[in-house]
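The values are calculated or read from the model by the stated rules, or taken from the named source; none is laboratory data. Everything numeric in this text was worked out from a predicted model, so none of it was measured. Virtual Cβ from ideal backbone geometry, glycine too; neighbours counted across all protein chains shown. Just so you know, the surface numbers come from the protein's heavy atoms only, side chains and all, with ligands and any DNA or RNA stripped out. Shrake-Rupley method; radii C 1.70, N 1.55, O 1.52, S 1.80 Å.
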Amino acid sequence: MVPPYRGPAAPDPIELTQALIRCPSVTPADAGALGVLEAALTPLGFRCERMRFEAPGTAPIDNLHARIGTGRPHLCFAGHTDVVPPGDETRWRFPPFEGRIAEGRIWGRGACDMKSAVAAFAAAAGRFLAARGPGFGGSISLLITGDEEAEAVNGTVKVLQALAARSEAIDACIVGEPSSSEAVGDTMKIGRRGSLTGRLTVRGVQGHVAYPNKADNPLPRLVQMLAALGPGPEIDQGSAHFDPSTLAITTIDVGNPAANVIPAEGRAVFNIRFNDTHTAESLGAWLRQRFDAVGGDYALELHSGADSFLTAPGELTGRVAGAVERVTGRRPAFSTSGGTSDARFVKDYAPVVELGLVNATIHKTDENVPVEDIEMLARIYQAVLEDSFPEEG
Ligand SMILES: [Zn+2]
């Protein structure tokens, strides 16, 4: 009988989470976080490569691409080690970069979003490799960026471009963002809404309020244009996997301190979170149609933050959901709600789902996660690996 393969010990997901939290990696600082991860992955046989990118006007960012195996299928885990700022540290029960365990929970910035998921995947990969050895019949990689929480220009999007340029194809990707709502694995994201920001400027002619016929007040038109955006007309009715698109006006600015002057222009900003029945272009047309109906001189500037996308329920979603169910006894719900994530970049290269911890405390003071949830997530990720590389025979 062939003795089971005994590779190097898998990292402990709890200790690794603590070690990562102790690096105050507020974007764009790395603060040693990728080095901690690299030190955990290298002994497992991962080839670790730092990929540093920069662009004018942005901070240079280190990313880590770690891969074991050269064959297909290639399963990629994508995540980030950067975190949002802790805010006023005196308001935290425990210092945000201490990684304290208390009351059965790990406390600290990044405990939930998403250093623990990165640690859980490293542990899962270590356990999987310890059982199966490096000849498991494919490739596993981690694509870990330090640029997710801020502008996300020197992170995942550029690593993916670089991998594609050297023909490193990815067959499936799991993003470890905290997707769950009440219990680990109760929800996975199979798509995301798109985000479009509009800046509307309505122009007129300045003048004295006593002689409005000699001026052209842009504000009534601005009000009419905004009223045409809702509440009232729905942008759409939603689709099979998405809620209806939503629009929120975020500011209306005139900045006119004088009560006796008709201003020359007024501005408003709004954001649309849209489903897969729309693109940024179709929404631009939807908006201009409403604004043109009001008429007058206006300018509309649109900034597309992300397109919506959907990984249609199929092989990958079934594989991941099956692994979750085997470990937790719960079948995850498929969701497309929430903000954007780096999955919006991955979707151009491979089918992608997001599966991670409960998102109750992300970006908050006293961010924390139950220790047992991290272990649970590691077991889920390990089950995904087992199902992605089934043993032959
Ligand atoms: Zn995150």
Point to revise | Full-extension gain in nm, residue 205 to residue 234, via 0.36 nm per residue minus C-alpha separation | key: 7.2 nm
**Study point:** Using θ = phi - 60° and Karplus 6.51 cos²θ - 1.76 cosθ + 1.60, couplings along the stretch 120-132 (whole Hz; Gly, Pro as x)
**Key:** 5, 5, 4, 5, 4, 5, x, 5, 4, 5, 5, 7, 10
Review point. So how do 140, 170, 252, 362 rank on accessible area, 1.4 Å probe, biggest first, that is with the largest at the start?
Key: 252, 362, 170, 140
Check your understanding: Heavy-atom accessible area per residue, the stretch 186-281, 1.4 Å probe: how many Å²?
Key -> 50 Å²
**Study point:** Average Cα contact separation per residue, the stretch 271-393, under 8 Å, 6 or more apart, as relative contact order %
**Key:** 27 percent
Review point. What number in nm² do you get for the stretch 134-254 if you take the convex hull of its Cα atoms and divide its surface by four?
Key: 14.3 nm²
Practice item. Could you size up the charge dipole of the chain around its Cα centre, putting +1 on the beta carbon of Lys and Arg and -1 on that of Asp and Glu, and report it in debye to the nearest 20? Key: 160 debye
Point to revise | In sequence order, calculated HN-Hα J values of the stretch 206-215 (Karplus, 6.51, -1.76, 1.60; Hz; x Gly/Pro) | key: 5, x, 7, 4, 6, 10, x, 6, 9, 10
Check your understanding: Around residue 47, what is the net charge, scoring Lys/Arg as +1 and Asp/Glu as -1 over all other residues with Cβ under 11 Å from its Cβ?
Key -> -1
**Study point:** Over the chain: helical MRE at 222 nm, DSSP H runs n ≥ 4 each giving -39500 (n - 2.57), nearest 500
**Key:** -8500 deg cm²/dmol
Review point. So how strong a dipole does the stretch 338-393 carry about its Cα centre when Lys and Arg Cβ are +1 and Asp and Glu Cβ are -1, to the nearest 20 debye?
Key: 340 debye
Practice item. Run the dipole for the stretch 53-212 about the Cα centre, Lys and Arg Cβ at +1, Asp and Glu Cβ at -1, nothing else charged, and hand back the magnitude in debye, nearest 20. Key: 340 debye
**Study point:** Rounded to 10°, Cα long-axis angle of helix 280-294 versus longest principal axis of the chain
**Key:** 20 degrees
Revision key, fill the gap. Diffing the stretch 378-387: the Karplus 3J(HN,Hα) column from phi (6.51, -1.76, 1.60, θ = phi - 60°), in whole Hz with x for Gly and Pro, holds 4, 5, 5, 4, 5, 5, 4, 4, 4, 6
Point to revise | Gyration tensor verdict on the stretch 49-117 (Cα atoms; rounded if a/c is under 1.5, prolate if a/b is larger than b/c, oblate otherwise) | key: oblate
Check your understanding: Taking amide hydrogens as modeled 1.01 Å from N in the peptide plane, which residues meet the under 5 Å criterion relative to residue 78, leaving out close sequence neighbours?
Key -> 143, 174, 175, 176
Study note, to complete from the structure: Restricted to the chain, the DSSP antiparallel beta bridge percent, nearest 5, is 75 percent
Revision key, fill the gap. What the Cα atoms of the stretch 6-129 span along the principal axes, largest first and in whole Å, is 49, 44, 20
**Study point:** Debye-sum result for the chain in log10 I(q)/I(0), which assumes one identical scatterer on each alpha carbon, at q = 0.10, 0.12, 0.13 Å⁻¹
**Key:** -0.71, -0.94, -1.05
Practice item. Would you work out the relative contact order for the stretch 1-149, in percent, from Cα pairs under 8 angstrom that are 6 or more residues apart? Key: 40 percent
Check your understanding: Among 120-128, 60-68, how do they line up from the highest to the lowest mean number of other beta-carbon atoms within 10 Å?
Key -> 120-128, 60-68
Check your understanding: Taking a label point 7 Å from the Cα of residue 58 along the Cα→Cβ vector, which residues of the stretch 134-148 have an amide N closer than 19 Å to it?
Key -> 143-148
Review point. Using a 1.4 Å probe on the protein chains only, how many percent of the accessible area of the stretch 271-393 belongs to carbon and sulfur?
Key: 47 percent
Review point. What whole number of Å gives the distance from the Cα centroid of the stretch 337-360 to the Cα centroid of the stretch 108-149?
Key: 16 Å
**Study point:** DSSP loop GluC sites (Glu not before Pro) with at most 16 other Cβ within 10 Å excluded, longest remaining stretch of the chain
**Key:** 235-390
Revision key, fill the gap. Rounded to the nearest whole number, the per residue volume of the convex hull around the C-alpha atoms of the stretch 195-347 in Å³ is 135 Å³
Check your understanding: What accessible surface, in Å², does a 1.4 Å probe find on residue 51, ignoring ligands, DNA and RNA and rounding to the nearest 10?
Key -> 10 Å²
Exercise for review: Using +1 at the Cβ of each Lys and Arg and -1 at the Cβ of each Asp and Glu in the chain, identify which of 70, 118, 43 lies farthest towards the dipole's positive end.
Suggested key: 70
Practice item. Go through 299, 318, 363 and say which Cα lies farthest out towards the positive end of the charge dipole of the chain; charges sit on Cβ, +1 for Lys and Arg, -1 for Asp and Glu. Key: 299
Check your understanding: What spacing in nm lies between the two simple spin-label points modelled at residue 365 and residue 281, each 7 Å away from Cα in the Cβ direction?
Key -> 4.8 nm
Practice item. Report the local net charge at residue 264: Lys and Arg +1, Asp and Glu -1, summed over other residues whose C-beta lies under 12 Å from its C-beta. Key: -1
Revision key, fill the gap. Percent relative contact order for the chain, counting Cα pairs under 8 Å at least six residues apart, stands at 24 percent
Check your understanding: Tell me, what is the 1.4 Å probe accessible area of residue 158, in Å² to the nearest 10?
Key -> 50 Å²
